[in-house]
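The values are calculated or read from the model by the stated rules, or taken from the named source; none is laboratory data. Keep in mind the model is a prediction, meaning the values are calculated, not measured. Heads up, the Cβs are rebuilt from the backbone with ideal geometry, glycines too, and the neighbour counts pull from every protein chain shown.
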Amino acid sequence: MTYLAVPACGHDVDSMAKQVQAAKQRGAEMVELRLDYLDRLDPDSVGRLVRLSHGLDLPVIVTCRDISEGGHRNYPPELRLRVLCKALQEGADYVDCEWANFQRPEVCKSLSEAIRDRPASRLILSAHDFEKPFTDPADLIHEIRQANPQAVPKLAFMANHINDCFAAIDLLSARRTDMILLCMGSAGVISRILAQKFGSFVTYVGLEEDSITAPGQLTLEQMLCLYRFHAIRPDTEIYGVIGDPVAHSLSPAIFNAAFEAAGVNAVYVPVLVQEQRRGFTEFLDHVVQREIDGGFGFRGFSVTIPHKAHAMEYVQDKGDYLEPLAGKIGAVNTLKVGYGGIVTGYNTDYAGAMDALTTAMGIERHGLHGKNVAVIGAGGVSRAVIAGLADVGAKVTIYNRTLAKAEALAGQFDTRYAPLDQLINLKADIIINCTSIGMHPDVETSSVPQQVLTDSMTVFDTVYNPLETTFLKQAASVGARVVNGAEMFIRQAIAQYRLWFQALPPEDIVRRTVYSNLSNPTL
Ligand code: NAP
């Protein structure tokens, strides 16, 4: 079992007591009393906080860090030691002492004596590196165990890249006794979410955003509601979104909600992969190697900026299956990891766009054959949309600010092209905006002159922030059929789910999650 622990870090005993109560109310399973946050450190106040926690049926860790190990205030070492010994006398379940301090004879002696009379209490011996991974974490754990076999070793280190997390995950997976292993920083978030899967004894979460005590810590609400901490088990499959940045991705909310509604034993995590192609390739090599070695349960990834081309190249280099249209687009936004580490690549951006369009028009994809379609833009989204349209034989004209880009794309997909100022002469059945024109904060702008819009047209804006762009408002005002960017987003997510599970997700849940998040105009 992994305890979900909330650090209480109030500046006085009363506010710390309130945090302990709030933590219990909101679903914490353990509290960590971070006494180094107190403005006044008094050994006598420890008992009150320990009794309060026990009265609420919450196991308690008592910690009083020094600044070099991430503490808030530098109290004198003797006072901190007295406080920790007092915590043991008062019945604290766990007392966390820094391994560097425990190696001092007087600290080791006092704590060992204090714990001798307390068979129900345990020491946590912790080491932190706020800059980089430990050179040899296995050796450090071994050293801690040798010094005190009953203690729970805890290592928390900065993951400067997501690939640093694998050292922690490997050690946890091979563990035979309790240990706490966590990676700090944005790249280390997966180690916190997957603590329950890989078996860290504790994972720490902040009560609120402003009471986070280590870099990369999530809030209690995020862990319980967004990542469904209690649904994660050792056999839970892992999915995620690979990108840089990924912190604001909607995908974890969409897929975790879908997994919950469908009763799927899976979790979806943000996978921050830095360092362009090299970082990406190394990450997937780690994943594949672990699947070959016995299976960690990585099953699939959504891929976003800047890794869609890297994902395609990875699958090509490995010789596994690449969806032909994804190869033609030059981008993979969906990876499937099969048993034995087989990685296959797909593109659901084009599928999402085609499905959004055809559903609104009440036709099948082949019904687009021969339709005149104006695509505005020649970037990544245009490329996916044009590939899908060309595949079913639509007559496409590409309009773009940089004409050379439109020309190159037109050459590849055998379409016509024109500069943006030719939009005034546009005659089309369908217009699709694939530029960022009209996106927040420039919400008053539109890529298309209003006078070319007619009621017989279908008008699709891939921009989803805002949901109703000026382009769509103007099209709706002349009676055109309109399709917003959220529909493409929803349908590409549904297509991903279908590739991973060979089943449709609960569409109402996906739709509700996307619309409730995108309705926030500040996104
Ligand atoms: P991209 O590769 O950077 O391409 C951007 C395109 O927009 C280029 O053709 C660029 O023209 C054009 N553009 C940008 N600013 C312009 C301006 N001020 N005036 C004229 N043209 C301008 O971006 P992308 O990945 O294709 O994404 C484009 C848009 O698609 C995004 O802004 C987003 O709103 C939307 N999107 C929607 C979804 C969805 O699921 N609905 C998913 C992803 C993206 P140049 O070639 O001349 O630079």
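Does Val385 qualify as being touching a strand residue (DSSP E or B) at 6+ places or on another chain (Cβ under 8 Å), within 30 Å of Tyr321 (Cα to Cα) and part of a strand (DSSP E or B)? Lay out the reasoning, then the answer.
Working: touching a strand residue (DSSP E or B) at 6+ places or on another chain (Cβ under 8 Å): yes; within 30 Å of Tyr321 (Cα to Cα): yes; part of a strand (DSSP E or B): no.
No; evaluated as a whole, the condition is false for this residue.
Report the residue count in the stretch 274-294 for those that are over 15 Å from the mean Cα position of the chain (by Cα), surrounded by 15 or more Cβ atoms within 10 Å (Cβ to Cβ) and not in a helix (DSSP H, G or I).
Of the residues in that region, 1 qualify.
Surrounded by fewer than 19 Cβ atoms within 10 Å (Cβ to Cβ) and among the small types (Gly, Ala, Ser): is that true of Ala147 in this structure?
Working: surrounded by fewer than 19 Cβ atoms within 10 Å (Cβ to Cβ): yes; among the small types (Gly, Ala, Ser): yes.
Yes, satisfied.
Taking His366 as meeting all but one of (1) surrounded by fewer than 17 Cβ atoms within 10 Å (Cβ to Cβ); (2) closer than 30 Å to Asn163 by Cα, write down the number of the exception.
Unmet condition: (2).
Looking at (1) more than 34 Å from the chain's Cα centre (by Cα); (2) surrounded by fewer than 24 Cβ atoms within 10 Å (Cβ to Cβ); (3) away from the ligand (no atom under 14 Å from the Cβ), which is the one condition that is false for Val396?
Failing condition for Val396: (2).
What pairs come up if the first residue lies in the stretch 422-446 and is modelled with pLDDT of 95 or more, the second is among the charged types (D, E, K, R) and more than 11 Å from the ligand (Cβ to nearest atom), and their beta carbons are under 8 Å apart, counting only those six or more places apart or on different chains?
From the stretch 422-446, the pairs are Asp429/Lys371; Ile430/Lys371.
Output the residues belonging to the stretch 86-106 that are crowded, with 19+ Cβ neighbours inside 10 Å, assigned to a helix (DSSP H, G or I) and not basic (Lys, Arg). Break it down stepwise before answering.
Of the stretch 86-106, the ones crowded, with 19+ Cβ neighbours inside 10 Å are 86-88, 90, 92-99, 101-102.
Subsequent filtering for residues that are assigned to a helix (DSSP H, G or I) retains 86-88, 99, 101-102.
Those that are crowded, with 19+ Cβ neighbours inside 10 Å, assigned to a helix (DSSP H, G or I) and not basic (Lys, Arg): Ala87, Leu88, Trp99, Asn101, Phe102.
Here's the yes/no breakdown for (1) at pLDDT below 95; (2) of a type in the set (Gly, Ala, Ser); (3) closer than 26 Å to Arg511 by Cβ:
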residue: Glu323; (1), (2), (3): no, no, yes
residue: Asn333; (1), (2), (3): no, no, yes
residue: Gly341; (1), (2), (3): yes, yes, no
residue: Thr348; (1), (2), (3): no, no, yes
residue: Gly367; (1), (2), (3): no, yes, yes
residue: Asn372; (1), (2), (3): no, no, no
residue: Ile386; (1), (2), (3): no, no, no
residue: Val392; (1), (2), (3): no, no, yes
residue: Lys395; (1), (2), (3): no, no, no
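Go through the stretch 422-445 residue by residue and tally those that are within 11 Å of the ligand (Cβ to nearest atom) and not in a strand (DSSP E or B).
In the first step, residues of the stretch 422-445 are kept if they are within 11 Å of the ligand (Cβ to nearest atom); the result is 423, 432-440, 442, 445.
Then keep just the ones that are not in a strand (DSSP E or B); that gives 423, 434-440, 442, 445.
Matching residues across the stretch 422-445 total 10.
Considering only residues that are among the acidic types (Asp, Glu) and farther than 20 Å from Thr304 by Cα, which ones fall in the stretch 220-266? Break it down into steps so the answer makes sense when it comes.
First, pick out the residues of the stretch 220-266 that are among the acidic types (Asp, Glu): 221, 235, 237, 244, 260.
Listed by number, the residues that qualify are Glu221, Asp235, Glu237, Glu260.
Tally time: how many residues in the stretch 446-475 are under 15 Å from Gly377 (Cβ atoms), in a loop (DSSP other than H, G, I, E, B) and aliphatic (A, V, I, L, M)? Reasoning before the result, please.
First pass over the stretch 446-475, keeping only residues under 15 Å from Gly377 (Cβ atoms): 446-448, 459-464, 469, 471.
Filter once more, so that each one left must be in a loop (DSSP other than H, G, I, E, B): 446-448, 462-464, 469.
Remaining after also requiring aliphatic (A, V, I, L, M): 448, 463.
The qualifying residues number 2.
Quick check: is even one residue across the stretch 478-485 in a helix (DSSP H, G or I) and either among the β-branched types (Val, Ile, Thr) or over 24 Å from Leu226 (Cα atoms) (or both)? Walk me through how you get there before you give the answer.
Within the stretch 478-485, the subset in a helix (DSSP H, G or I) is 485.
Remaining after also requiring either among the β-branched types (Val, Ile, Thr) or over 24 Å from Leu226 (Cα atoms) (or both): none.
So far as the stretch 478-485 goes, no, none of its residues is in a helix (DSSP H, G or I) and either among the β-branched types (Val, Ile, Thr) or over 24 Å from Leu226 (Cα atoms) (or both).
Just one of Ala408, Ala418, Ala390, Ala384 is away from the ligand (no atom under 15 Å from the Cβ) and either more than 19 Å from Ala475 (Cβ to Cβ) or not aliphatic (A, V, I, L, M) (or both); which is it? Spell out how you get there, then give the answer.
On the way: Ala408 fails: away from the ligand (no atom under 15 Å from the Cβ); Ala418 fails: away from the ligand (no atom under 15 Å from the Cβ); Ala384 fails: away from the ligand (no atom under 15 Å from the Cβ).
Within the list Ala408, Ala418, Ala390, Ala384, the selection yields Ala390.
Considering only the stretch 338-381, state which residues are small (Gly, Ala, Ser), under 18 Å from Ala326 (Cβ atoms) and within 15 Å of the ligand (Cβ to nearest atom).
Ala351, Gly352, Ala353, Gly379, Gly380
What is the residue count in the stretch 10-51 for residues that are under 22 Å from Arg73 (Cβ atoms) and more than 26 Å from the chain's Cα centre (by Cα)?
Quick first cut of the stretch 10-51, residues under 22 Å from Arg73 (Cβ atoms) only: 10-20, 23, 31-50.
If we keep only those that are more than 26 Å from the chain's Cα centre (by Cα) too, we end up with 10-20, 33-50.
Selection size over the stretch 10-51: 29.
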